[in-house]
């Protein structure tokens, strides 16, 4: 679950698929990677976000606060351009197709939508303009384990990039 | 998952347990009920929140945006006082115990913590000061069904209290 803040200052949260940890050198940590659509509402939201991960089986929760950056079609730096292309190649065809569909969140057009046929997506090794990679560069991790007794620990990133952990009350 | 906005304007999100729909007459809709601790950080956050519910098995997501109100120990109106008491009675003893524990999020005290023994929680039919009921009164519901083709529908509450639904692109 990825939480953001809208321009109006309202809380927003939705499910995103975790696409792995990116080792692009944003700061000293690996970044949480997800993908999204350039036309999605969250593109206009603030860049201090939080990811919440709850593992039902182990009853562990990770809250990862971080700075969000997007790699869009306008990325210039080679490492970002490459990350966007290589991530696109890992996306399933069904999911790739959504990036050629009408803009998410817009009222459904009454004219019947012709979905691009399989194999008609153009060059599948190169992402369309709508494809965006999101990276959350963490600065705080709040871990909670709902066993008995409960355990909660908060790690915070210091200015020099090293992490400091502290046990806190659950 | 409940998302809020901190005083600094940052996104925050954590797992909460759904405690049912409250039919207290907040507005024309039933409200999403959860419980929390008066000493938890989110008590200072903004009151426009979003709850995200993802049902893994059916691949359905509900995003419920709403106004959050808390029923604290200071509630005066009888219906709120009663709601707080009746909700407390539904809370498991293990969970009740946490409301008598040290403040959540604070650094763990080095002195060993003596947990209150079972049955030593005082009057278990009356909530301690730290017990708070949260109610999210919805004004917008964003529903997404990840079947093929995907379905997305947004309901918005109008001023007169009636709901209006619209199909939108996923």
Next item on the list: Out of the residues in region A:36-54 that are within 13 Å of chain B (Cβ to nearest Cβ) and assigned to a loop (DSSP other than H, G, I, E, B), state the one that is surrounded by the most Cβ atoms within 10 Å (Cβ to Cβ).
Entry: A:45
Next item on the list: Tell me which residues, restricted to region B:55-102, are closer than 23 Å to residue A:105 by Cβ and in contact (Cβ under 8 Å) with a residue 24 or more places away in the chain.
Entry: B:58, B:59, B:60, B:61, B:62, B:63, B:64, B:65, B:66, B:67
Next item on the list: With the condition kept exactly as written, say whether any residue in region A:100-109 is out of contact with any helix residue (DSSP H, G or I) (no Cβ under 8 Å at 6 or more places or on another chain) and farther than 30 Å from residue B:141 by Cβ.
Entry: no
Notebook entry, point to check: Is at least one residue of region A:136-148 at pLDDT 95 or above, within 30 Å of residue A:100 (Cα to Cα) and touching a helix residue (DSSP H, G or I) at 6+ places or on another chain (Cβ under 6 Å)?
Noted result: no
Notebook entry, point to check: Does region A:1-10 hold any residues that are within 7 Å of chain B (Cβ to nearest Cβ) and within 16 Å of the chain's Cα centre (by Cα), and which are they?
Noted result: A:1, A:3, A:4, A:5
Notebook entry, point to check: Among the residues of region A:91-110 satisfying the criterion of being under 17 Å from the mean Cα position of the chain (by Cα) and part of a helix (DSSP H, G or I), which is nearest to residue A:126 (Cα to Cα)?
Noted result: A:96
Note to self: Give me the residue from region B:60-90 that is out of contact with any strand residue (DSSP E or B) (no Cβ under 7 Å at 6 or more places or on another chain) and assigned to a loop (DSSP other than H, G, I, E, B) and, out of that set, farthest from residue A:152 (Cα to Cα).
What the structure shows: B:77
Notebook entry, point to check: Residues of region A:144-170 being surrounded by fewer than 17 Cβ atoms within 10 Å (Cβ to Cβ) and closer than 27 Å to residue A:26 by Cβ, which ones?
Noted result: A:153, A:155, A:156, A:158, A:159, A:160, A:161, A:162, A:163, A:164, A:165, A:166
Next item on the list: Return the pairs, sorted by first residue and then second, in which the second residue is assigned to a loop (DSSP other than H, G, I, E, B), the first residue lies in region B:140-161 and is at positive phi, the beta carbons are less than 8 Å apart, and the residues are 6+ apart or on different chains.
Entry: B:161/B:27; B:161/B:28; B:161/B:29
Checklist line | Matching option when the condition is at the interface with chain A (Cβ under 10 Å from one of its Cβ atoms), more than 25 Å from residue A:51 (Cβ to Cβ) and either at pLDDT 95 or above or surrounded by 11 or more Cβ atoms within 10 Å (Cβ to Cβ) (or both), among B:127, B:102 | finding: B:102
Notebook entry, point to check: Quick check: anything in region B:18-35 assigned to a strand (DSSP E or B), away from every other protein chain (no Cβ under 14 Å) and touching a helix residue (DSSP H, G or I) at 6+ places or on another chain (Cβ under 6 Å)?
Noted result: no
Check: Within region A:1-17, can you find the residues that are surrounded by fewer than 17 Cβ atoms within 10 Å (Cβ to Cβ) and in contact with a helix residue (DSSP H, G or I) (Cβ under 7 Å, 6 or more places away or on another chain)?
Finding: A:7
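The values are calculated or read from the model by the stated rules, or taken from the named source; none is laboratory data. Everything numeric here is computed off the predicted structure, so don't read it as measured data. Every residue, glycine among them, receives a Cβ derived from its backbone with ideal geometry; neighbour counts consider all protein chains shown.
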